[in-house]
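Note sheet for the following structure.
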Amino acid sequence: MSSDPPLDASSLPTSAAAIGLVLILLVAAVGGVMAFEGVDEGNVKVIKNQGAVTGAVLEPGWHFITPVVQSTVSVPTRPQTYTMSQQSGEGEKSNRDDSVRVLTQDGLHVDVDVTVRYRVTPRDAPQFHEEYRDLPTAETRLIRPTVRSVLRTEGGNIDVTEIYTGEGQTRLKLAVEGALKNETGGSGIVIESVQIRNVRLPTEYAKSIEQKKVKQQKIEEAEYEIQVAEKNKQRQVIEAEAEAEQIRIKGEALRENPEVLDLRYIEALRENENTIYVPAQGGVTLTRDVGQSRTPARGGEVPVGNASGTGNASTS
């Protein structure tokens, strides 16, 4: 019958030391891995020491921290947008109408769509984390209630006719921006812009505005047509006056220069050999068509030609 060989007492310390060394190396390896902290682009990490924020910030890249004792929290620093809109699929409440309803000074309700653009500054990330922890909390506790409150307060001081215009929307925008910047001071949040995207009027009021626009357009078209007609009338008057003046000048020229008629006589002969001009006394020139065929007229008379007078006096 065989039996196990007796244990060598001298080998036990060696085995224990080997196991201990392996454990130490394993812990060191795990600790070494835990000591390296990576930070992605567009983020920073806030360092905590045993759960308390130290105020130190890790920029994008690789860093070394003390394992177990220190930990980190990631904070996004890229620009963020928060939208409250009626449009489906937009904003945090994309499954319902999330626009802000405002009661104007004259008692009408309008719905306002608004977008806030903001970001967290890297150096103030520790303050942001202590105040809000994360972006959704900041939006719920700060941005959303401030925007809704200011829009309703400021909108209550504006008539609906003004709130619909660019000037009224600028008033709302500036009021919201001012309130948000005041509320976020020292929290690490920077308000970059506020955009009033749309203002929807009550249906009946919107129809009345549209009807007024159509009427105004028709009035402008009618006024334009009147202006065109008036200009045409003025043009015709000017042309008639110019023509009358031209006739007057020609008449005076003929009276003062009767030899012009002789020139016309020569020009007429060149153009029509059957027509002659016969100068007469008193500035009258007779024309005769010598080529017209002779046909009997009523009463048995036979015309000897057509004669007409040109000038300022008649012949007898």
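Report yes if V100 is touching a Lys or Arg at 6+ places or on another chain (Cβ under 6 Å) and either at positive phi or surrounded by 17 or more Cβ atoms within 10 Å (Cβ to Cβ) (or both), otherwise no. It would help to see each step written out before you state the result.
Numbers: touching a Lys or Arg at 6+ places or on another chain (Cβ under 6 Å): yes; either at positive phi or surrounded by 17 or more Cβ atoms within 10 Å (Cβ to Cβ) (or both): yes.
The answer is yes for V100.
Let's see how each residue does on (1) touching a residue at least 12 places away in the same chain (Cβ under 8 Å); (2) exposed (fewer than 13 other Cβ atoms within 10 Å of the Cβ):
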residue	(1), (2)
N157	yes, yes
G166	no, yes
S187	yes, no
V199	yes, no
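Please work out which one of (1) modelled with pLDDT of 90 or more; (2) surrounded by 14 or more Cβ atoms within 10 Å (Cβ to Cβ); (3) closer than 23 Å to G186 by Cα is the condition M84 fails and give its number.
Failed condition: (3).
Just give me the residues in the range 103-141 being crowded, with 16+ Cβ neighbours inside 10 Å and within 23 Å of V199 (Cα to Cα), in sequence order.
T104, L108, V110, D111, V112, D113, V114, T115, V116, Y118, E139 - these are the residues of the range 103-141 that are crowded, with 16+ Cβ neighbours inside 10 Å and within 23 Å of V199 (Cα to Cα).
Which numbered condition trips up G185, out of (1) closer than 18 Å to S85 by Cα; (2) at pLDDT below 90?
Going through (1) closer than 18 Å to S85 by Cα; (2) at pLDDT below 90 one by one, G185 breaks only (1).
Assess whether N43 counts as being modelled with pLDDT of 85 or more, surrounded by fewer than 16 Cβ atoms within 10 Å (Cβ to Cβ) and at negative phi. First the steps, then the outcome.
Values: modelled with pLDDT of 85 or more: yes; surrounded by fewer than 16 Cβ atoms within 10 Å (Cβ to Cβ): no; at negative phi: yes.
So N43 fails the test.
The values are calculated or read from the model by the stated rules, or taken from the named source; none is laboratory data. The shown structure was predicted, so the numbers you read here are calculated from the model rather than taken from an experiment. Glycine also receives a Cβ, built like all others from the backbone with ideal geometry; neighbour counts cover every protein chain displayed.
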